[in-house]
Amino acid sequence: MAGIGSSNYWEDLRKQARQLENELDLKLVSFSKLCTSYSSSRDGRRGDTLDTTPLLNNSTQDRMFDTMSVEIEQLLAKLTGVNDKMAEYTNTPGTASLNAALMHTLQRHRDILQ
């Protein structure tokens, strides 16, 4: 990757952030579908109350849930790291003339992360 002083460094960070955001979005959609399918299959069973029926009812589903949770956490950690690097870049000498645009972009990526 280019050094901090390089003009391509910021663009590289933005590309990484967008890629991670897209991956997270896809992963969260899949995670939501996984949880919804469990909820739907659980609601169809008789004799179980909603308070006592486990959301995940077998070890395969548990593993899928755990795997997806870990993957989401890893992507969030990577995106946090990229956002931190972007914040560092905005504080480097020579970026003062671009600082308003950089800060706006950084804030947008932070909002997405939140």
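The alpha-carbon of Lys78 sits under 17 angstrom from the alpha-carbons of these lysines, leaving out residues fewer than 8 places away in its chain: Lys15, Lys27. Computed extension gain for Glu11 through Tyr89, at 0.36 nm per residue and net of the alpha carbon distance, reaches 27.0 nm.
Treating r as the C-beta distance of Val70 and Gln114 and R0 as 30 Å, the FRET efficiency rounds to 0.90. A 1.4 Å probe, protein heavy atoms only, puts the accessible area of Thr60 near 70 Å².
Within the full protein context, the accessible area of Leu26 is estimated at about 120 Å² for a probe radius of 1.4 Å.
The values are calculated or read from the model by the stated rules, or taken from the named source; none is laboratory data. All figures in this text were calculated on a predicted structure; none of them were measured in a lab. Every residue, glycine among them, receives a Cβ derived from its backbone with ideal geometry; neighbour counts consider all protein chains shown. Note: accessible area is taken over every heavy atom of the protein model, side chains too, but ligands, DNA and RNA are not part of it. Shrake-Rupley method; radii C 1.70, N 1.55, O 1.52, S 1.80 Å.
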